[in-house]
Amino acid sequence: VQIVDRIFEPYIDQNTVENAILRVAKEINKDYDGKSIVFLGILNGAFMFCADLMKNIQVEADISFVKLSSYQGTKSGGTVHELIGLMQSLKNKHVVIVEDIVDTGLTLDKIFSMIDGDQPASVEVATLLFKPSAYKGSHVPKYIGIEIPDEFVVGYGMDYQGIGRNIPAIYKLKN
Ligand code: 5GP
């Protein structure tokens, strides 16, 4: 498929994505049995993963969102900008940060620094995709859907220049 000026090819099909989400949900249900969770979705990319993950969560769960941005085109810009901040106190809450994809880990480090002062009871990270070879952060996600090499991907909530988020499967940039 062509998105703006680039060609993307099929990479991870819808069924594989769904199975990864079910597995992550199962792990969270088990680990938080008897507890109450606040999911913290990172906009925009994580909206679809948040929705599908939450449908499979059986423990008590609330959700809140923050909006951050570091990407320009297909490369991380290095600095992470906070566009919409946290509007809910996380004090004494079990927080699960929900990311579409963890790449360098800069976004995650920024989120941890944003919420540390709130004194949550615990903080873990669930991400649909993880690029271990690009990662240089200090908060490795506990719940990982699928590990991928350092490819630029779109679909399932993820965009290229604002386009492609509605694609239900995951496509990668064709080299
Ligand atoms: P990090 O801060 O870990 O480098 O990047 C995290 C954010 O960058 C993700 O939430 C996502 O919005 C964006 N990002 C990282 N890798 C990709 C990618 O391969 N494709 C897209 N569309 N966005 C990405």
Would you pick out the residues in segment 158-167 that are in contact (Cβ under 8 Å) with a residue 60 or more places away in the chain and open to solvent by less than 60 Å² (accessible area, probe 1.4 Å)?
Met158, Asp159, Tyr160, Gly164, Arg165, Ile167
Flagged in segment 1-19 as surrounded by 13 or more Cβ atoms within 10 Å (Cβ to Cβ), out of contact with any Gly (no Cβ under 6 Å at 6 or more places or on another chain) and assigned to a strand (DSSP E or B), in numbering order, are Arg6, Phe8, Tyr11, Ile12
Is it fair to say Asp33 is away from the ligand (no atom under 16 Å from the Cβ), of a type outside the set (A, V, I, L, M) and open to solvent by 20 Å² or more (accessible area, probe 1.4 Å)?
yes
For residues in segment 139-152 being within 13 Å of Tyr11 (Cβ to Cβ) and touching a Leu at 6+ places or on another chain (Cβ under 7 Å), which is least open to solvent (accessible area, probe 1.4 Å)?
Ile148
When segment 134-164 is checked residue by residue, the ones that are away from the ligand (no atom under 11 Å from the Cβ) and either part of a loop (DSSP other than H, G, I, E, B) or farther than 27 Å from Asn29 by Cβ (or both) are Ser138, Val140, Lys142
Scanning segment 86-117 for residues that are farther than 30 Å from Phe152 by Cβ and touching a Ser or Thr at 6+ places or on another chain (Cβ under 6 Å), the one surrounded by the fewest Cβ atoms within 10 Å (Cβ to Cβ) turns out to be Gln88
Would you be able to say whether some residue in segment 99-109 is of a type in the set (S, T, N, Q) and either more than 12 Å from the ligand (Cβ to nearest atom) or farther than 27 Å from Tyr171 by Cα (or both)?
no
If I ask for residues that are of a type outside the set (S, T, N, Q) and in contact with a Leu (Cβ under 9 Å, 6 or more places away or on another chain), which ones from segment 104-128 would you list?
Lys110, Ile111, Met114, Ile115, Asp118, Pro120, Ala121, Val123, Val125, Ala126, Leu128
Just checking: which of the strands (runs of 3 or more DSSP E) contained wholly in segment 20-133 hold 1 or more residues that are at pLDDT 95 or above?
36-43, 60-72, 94-102, 122-130
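The values are calculated or read from the model by the stated rules, or taken from the named source; none is laboratory data. Just so you know, these numbers come straight off a predicted model, no measurement behind them. We place every Cβ from the backbone using ideal geometry, glycine too, and count neighbours over all the protein chains shown. The protein model used for the area step is the full one, side chains on, heavy atoms only, and it has no ligands, DNA or RNA in it. Shrake-Rupley method; radii C 1.70, N 1.55, O 1.52, S 1.80 Å.
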